[in-house]
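Have a look at the structure below before the remarks.
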Amino acid sequence: MPLLSRSHRAALVSSVALATTLTLAACGSGGTSGGGGSGGDGSVEVLASFYPLQFVAERVGGDRVEVSNLTPPAAEPHDLELSPAQARTVGTADLVVYQSGFQAAVDEAVEGRQPAHVVDASEAAGLEAHPGEASADASEASEGTADEHADEEGADDGHDHSSESGLDPHFWLDPTRLVPVAEQVAAELTAIDPDGADEYAANLADLTADLTALDTEYAEGLASCASPYLVTSHEAFGYLAERYGLEQIGITGIDPEAEPSPARLREVADIIRDHGITTIFFETLTSPKVTQTLAQDVGVQAAVLDPLEGLSDTGSDYLDVMRNNLEALRTGLTCA
Ligand SMILES: [Zn+2]
């Protein structure tokens, strides 16, 4: 067991605090499930496993639900660990919204606690494999020759969140893929709290309209760009790239903690020069150092793109951050 990083320890501490709150809340409502929450006063307890799922649950549930997030704000959801108290809340929540194959600790808790109502975003969103260029690079971080075959080998070499399926977990960066998840959340909430059926349906329609509008903004905003090449630190943007006709070039792979090999860094530097790429992107939650150093070495700009695995600014939401990302992309890729 490696030493816990600072952010990891911080995550654990705030997880315990959250778990305590959840336990108290669950006791108050008697932890009923399937018996019909009383509704209207936020009495339906929803547990989301990380931010984009929290956003969906909050928007669809509105005032009738109380949503808690297992991943603390601004923490990395990859490799989340749960306290025993948090694991118990998975069993007492009225609805658990999670993504199987992404956070092993949550998978385990769902399996062990058998919550009465569950939405699995992996099933709802239709995950795909996006074997990126850097994928095979990560865990055999030797100076190796393995890079050459990265594309063909696929993503599966032991990253926690994708090792079972080899599928790319980052579906939420294509806004249209949040819609089927929201539909399932609405269906489950309606089953738990039938009195809220009309409200959930109306909230779902609002959210769907917002996501559709965002999708249109992206499609129009990225329709004519000087460069289609999206060089990113961790390969979170495969679904976004696929939807809007970009090509993702990952520096480290799908696992944000992995360190790229010197060979991979040289390879990406060559790609940047060959294609005349002017901006490469790094993210907010993980260390930007690798990307910034690479940008300096090659003489290009480095800009922030937020993979939205957590929310670093609580004054904004999924839609705000996605619009900031679109502006960063339009500038970095020189879009008309
Ligand atoms: Zn990720």
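The numbers here are math on the coordinates, done by the rules we state, and not lab data. Quantities reported herein were computed from a predicted structural model and do not represent experimental measurements. Cβ placement follows ideal geometry from the backbone for every residue including glycine, while neighbour counts extend to all protein chains displayed.
Below, the figures for the structure above:
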item: Cβ-defined net charge surrounding Asn203, 10 Å radius [Lys, Arg +1; Asp, Glu -1]; result: -3
item: Amide H within-cut-off set for Leu230, under 5 Å, with H built and near neighbours excluded; result: Glu247, Gln248, Ile249
item: Mean projected area in nm² (Cα convex hull; one quarter of hull surface) for region 164-280; result: 9.5 nm²
item: Distant-in-sequence amide H partners of Ile280 (H built 1.01 Å from N, under 5 Å); result: Gln301, Ala302, Ala303
item: Segment Asp320-Glu217, extension gain: residue separation times 0.36 nm, minus the distance between their alpha carbons; result: 35.8 nm
item: Relative exposure of Leu230, Leu70, judged by other C-beta atoms within 10 Å (fewest first); result: Leu230, Leu70
item: For Ala129, residues with placed amide H under 5 Å, excluding near neighbours; result: Asp168
item: Simple Cβ-charge dipole of region 197-278, Lys/Arg +1 and Asp/Glu -1, about Cα centre, in debye nearest 20; result: 520 debye
item: Intensity falloff of region 164-222 expressed as log10 I(q)/I(0), Debye formula with alpha-carbon point scatterers, at q = 0.25, 0.31 Å⁻¹; result: -0.96, -1.18
item: Percentage, to the nearest whole number, of Cα pairs in region 225-336 over 16 Å apart; result: 56 percent
item: Whole-Hz ³J(HN,Hα) from phi, Karplus 6.51 cos²θ - 1.76 cosθ + 1.60, for region 228-239, glycine and proline x; result: x, 8, 10, 8, 10, 6, 10, 7, 8, 10, x, 5
item: ³J(HN,Hα) computed for each position of region 198-205 - Karplus, 6.51 cos²θ - 1.76 cosθ + 1.60, integer Hz, glycine/proline x; result: 5, 5, 5, 5, 5, 4, 4, 5
item: Span from the region 265-282 Cα centroid across to the region 202-255 one, whole angstrom; result: 20 Å
item: Full-extension gain in nm, Ala269 to Glu128, via 0.36 nm per residue minus C-alpha separation; result: 48.0 nm
item: Total formal charge among the other residues, if their Cβ is under 12 angstrom from that of Val67, Lys/Arg +1 and Asp/Glu -1; result: -3
